[in-house]
Amino acid sequence: MIRAARFAVGRLTCWTLEGGVQRLDGGAMFGVVPKPLWSRRATPDERNRIPLALRCLLVEHPDGLVLVDTGLGNKESEKFRDIYGVENAGSTGPTALEDALHEAGHSAAEVKWAINTHLHFDHAGGNTFRDDGGNTALAFPNATYVVQKGELDFASHRNERTAASYLPPNFAPVAAATRFRLVIGEVPVLPGIHVIPTPGHVPFHQSVLVTSGGEAACFLAALVPTAAHLPAPWIMGYDLEPLVTLETKKRLLTRAAREHWQLIFEHDPVIARARLAEDAEHGYVPEPVDMVRVGA
């Protein structure tokens with residue numbers, strides 16, 4: 001499959017990078033939405049899991065390469081990979097994300113900024129990698145990693161609900177190396193690259209807005225993981241604060257429709273990018289601008 005797809009946001013060249021696939025329980029992915037409804041949009045396997053992309057965003061910025069989210073990485077056990085249906089092995093590097101970077105004409109060493117929307121294993125697992133000797137190292141040795149300060153604090157104080165998603169080897173080595181830039185609220189990381197707090201999935205989740213030449217694209221991450229989650233009440237069971245997610249979604253999607261943003265879906269196995277249209281019955285619906293096939 002093609003792992004890197006190029007597109008433009010004004011004067012900025014951007015890429016969606018396909019970092020592999022995972023499979024999560026369909027009921028958990030759609031929360032209170034009944035299976036007869038969600039299964040029309042996402043066909044489950046015999047273990048009730050649906051395929052989900054591990055999609056990242058790369059921006060060729062004048063100040064250096066910007067990578068948004070880092071995939072799942074290569075550090076987990078075979079048991080873990082079986083439970084979550086992970087397929088992300090690389091042929092030119094540790095994971096498929098390195099393959100995608102190579103296909104886009106770049107390498108991990110060129111990445112100057114690695115923005116984590118949050119620190120769950122499927123979004124920040126690729127921050128680090130395990131080498132042939134079993135040692136954990138930074139996957140992007142020349143990068144500054146960017147995350148909300150509150151998110152690093154939240155991830156570092158795990159409880160029974162959050163421990164399965166926040167795995168310290170994905171972020172503790174970055175903190176130990178003092179390579180995190182910790183931000184608070186909506187801030188510009190670079191000109192034209194803004195992080196926007198989008199809480200609900202976790203309290204300090206952020207999305208990333210790319211703007212240039214009057215155009216905009218937003219990497220939604222877990223706020224709207226797939227295009228099927230565009231309806232306001234279609235919220236994951238994984239979200240810690242679903243009512244906060246509801247309000248955040250309505251606010252952000254209203255702005256996205258008004259300002260004609262491109263939306264990038266991190267987990268949708270078919271729709272990588274779309275714009276929004278309004279439907280009298282269903283509210284916002286996607287108008288795809290880039291289709292892929294992940295985990296078929």
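Rule-based calculations on the coordinates, nothing more; no lab input. Predicted, not measured: the structure shown is a model, and the values here were computed from it. For neighbour counting, all protein chains shown are included, and Cβ atoms are generated from backbone atoms with ideal geometry for every residue, glycine included.
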* Asked: Given H placed 1.01 Å from N in the peptide plane, which residues other than close sequence neighbours of G85 have an amide H under 5 Å from its amide H?
  -> R23
* Extreme residue, positive dipole direction of region 60-111, given options L101, P62, L72 (C-beta unit charges) -> L72
* **Cα lying deepest toward the dipole's positive end in the chain, options A272, T13, I193, charges on Cβ** => I193
* To do: Order the peptides 230-238, 85-93 from the highest to the lowest mean number of other Cβ atoms within 10 Å of their residues.
  => 230-238, 85-93
* Asked: In the chain, what percentage of the DSSP-assigned beta bridges are antiparallel, given to the nearest 5?
  -> 80
* Between Rg and the Kirkwood Rh of region 230-296, both from Cα atoms, what is the Rg to Rh ratio? -> 0.98
* Cα centre as origin, Lys/Arg/Asp/Glu Cβ charges: region 4-291 dipole, Debye -> 440
* Structure fact -> Along the dipole axis of the chain (charges at Cβ: +1 for Lys and Arg, -1 for Asp and Glu; origin at the Cα centre), the most positive-end residue among G213, A163, L240 is L240
* **Between region 252-286 and region 103-133, the alpha-carbon center distance in angstrom** => 26
* Asked: So, counting K/R as plus one and D/E as minus one, what does the shell of residues with Cβ under 13 Å around M291 add up to?
  -> -1
* In whole percent, what relative contact order does the chain give with Cα contacts below 8 Å and a gap of six or more residues? -> 17
* Loop-resident sites, region 2-74, for trypsin sites (Lys or Arg not before Pro), counting at most 12 other Cβ within 10 Å (DSSP) -> R11, R40, R47
* Asked: From the phi of every residue in region 189-199, what ³J(HN,Hα) in whole Hz does the Karplus formula 6.51 cos²θ - 1.76 cosθ + 1.60 yield, where θ is phi - 60° and glycine or proline is x?
  -> 6, 9, x, x, 10, 10, 9, 10, x, 9, x
* Structure fact -> Low-density loop trypsin sites (Lys or Arg not before Pro), region 140-239, at most 10 other Cβ within 10 Å, DSSP non-H/G/I/E/B, are R161
* Asked: Based on DSSP H runs of at least 4 residues, each adding -39500 (n - 2.57), what is the mean residue ellipticity at 222 nm of the chain after dividing by all its residues, to the nearest 500 deg cm²/dmol?
  -> -5000 deg cm²/dmol
* Structure fact -> Counting every C-alpha pair in region 1-94, the percent lying more than 20 Å apart is 51
* Cα centroid separation, region 1-40 to region 164-180 (Å) -> 25
